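Worksheet for the structure shown next.
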């Protein structure tokens, strides 16, 4: 009876929680049907955001300098403000175009090799790639991305001379067909990671707080059940549900949108488990002490809302001010989402996601241990 793990007790608790969860119709709808509907709606018709800032990659071909005679570099040298980049994620040129009807549009140009430009396009940092090919200006972008099309239309009207005019016939549009550059490729990994956070935070945290407020946990004190077993059973059921939800969304995206996973499947599964561990630990810690559902709602929202907005689920977090990017990158949901997207769209494997896996697992284990320490039944 003093063993830390009592397997039969843990199994019975897990099955009891699973049956309790499966009897709720709302769990099936909000956990499985709703994410599918969301991915379908946003994948088919995504409303573009306001035209405030556009980021464009310029291919730095071998042997080409900023004094090159191509229209692109004549435009960059002649009309743009040059900025000395401090790192590869920093822009090289900047121009602001004012229009009385549509307001000010700011363009940041990054000088990059082709491979790096494609990676930034997949991450949503840029939505258009410019290249000079034998004096001709090539525009590379996703043909179904309205943001990229708008950027092309505006730039093609000004590149080539110092005045606004229609793009010359020598300019060539190169619609991108590279896997991983569509908005749906960007969206689906974010929906999967968002589902992990929302499911664990509300399913575990609010479930514990509600049981405590209704005095249901008080009745368990008299039993020989360990609180660690109770919490592990809750987490096990929630992870199993998250796996089913993620699998349904993934299969749906593969069938309907021809989505592909370009990286390591085993790394993706372990990253998925690490994300569940991280947010399960956060959920246990948040719900370990309070018995007031109103306070619990506030605590859960304090964790969920900032990450849902900042972590780049529906749009790239690179649109936020530069000073905030290092902070946003270190949020658990951002690490999980960036890792998932790198596996889905960039062909990432174990070397690229091993650090996020370790950090997320450590966060979950540490916060679970802290929550278990201060956990109270009533």
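The values are calculated or read from the model by the stated rules, or taken from the named source; none is laboratory data. Just so you know, these numbers come straight off a predicted model, no measurement behind them. With ideal geometry, Cβ positions are generated from the backbone for all residues, glycine too; neighbour counts draw on all protein chains shown.
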- Item | Matching option when the condition is surrounded by fewer than 24 Cβ atoms within 10 Å (Cβ to Cβ) and modelled with pLDDT of 85 or more, among 188, 178, 249 | 249
- Restricting attention to the stretch 129-156, which residues are without any contact (Cβ under 8 Å) to a residue 24 or more places away in the chain and either surrounded by fewer than 14 Cβ atoms within 10 Å (Cβ to Cβ) or within 22 Å of residue 83 (Cα to Cα) (or both)? 134, 153
- Query: Among all residue pairs at least 6 apart or on different chains, which show Cβ distances below 7 Å where the first residue, located in the stretch 304-324, is surrounded by 16 or more Cβ atoms within 10 Å (Cβ to Cβ) and the second is modelled with pLDDT of 85 or more and assigned to a loop (DSSP other than H, G, I, E, B)?
  - Reply: 307/331; 310/331; 311/331; 317/311
- Could you check residue 257 against (1) modelled with pLDDT of 85 or more; (2) under 19 Å from the mean Cα position of the chain (by Cα); (3) surrounded by fewer than 21 Cβ atoms within 10 Å (Cβ to Cβ) and say which number it fails? (1)
- Item | Long-range neighbours under 8 Å by Cβ, at least six apart or interchain, first residue on the phi > 0 side of the Ramachandran plot within the stretch 115-128, second in a helix (DSSP H, G or I) and modelled with pLDDT under 85 | 124/318
- Message: Being in a helix (DSSP H, G or I), farther than 28 Å from residue 214 by Cβ and at pLDDT 85 or above is the requirement here; does residue 299 meet it?
- Response: no
- Quick one: which of 229, 165 is touching a helix residue (DSSP H, G or I) at 6+ places or on another chain (Cβ under 8 Å) and either crowded, with 19+ Cβ neighbours inside 10 Å or modelled with pLDDT under 85 (or both)? 229
- Query: Can you spot a residue in the stretch 358-378 that is touching a helix residue (DSSP H, G or I) at 6+ places or on another chain (Cβ under 9 Å), in contact (Cβ under 8 Å) with a residue 12 or more places away in the chain and under 20 Å from residue 116 (Cβ atoms)?
  - Reply: no
- Query: Is it the case that residue 345 is closer than 23 Å to residue 184 by Cβ and buried (at least 21 other Cβ atoms within 10 Å of the Cβ)?
  - Reply: yes
- Message: Looking at the structure I just gave you, is residue 214 farther than 17 Å from residue 345 by Cα, modelled with pLDDT under 85 and surrounded by 15 or more Cβ atoms within 10 Å (Cβ to Cβ)?
- Response: no
- Task: For the stretch 217-224, indicate whether the set of residues that are in contact (Cβ under 8 Å) with a residue 24 or more places away in the chain, farther than 19 Å from residue 373 by Cβ and out of contact with any helix residue (DSSP H, G or I) (no Cβ under 6 Å at 6 or more places or on another chain) is non-empty.
- Result: yes
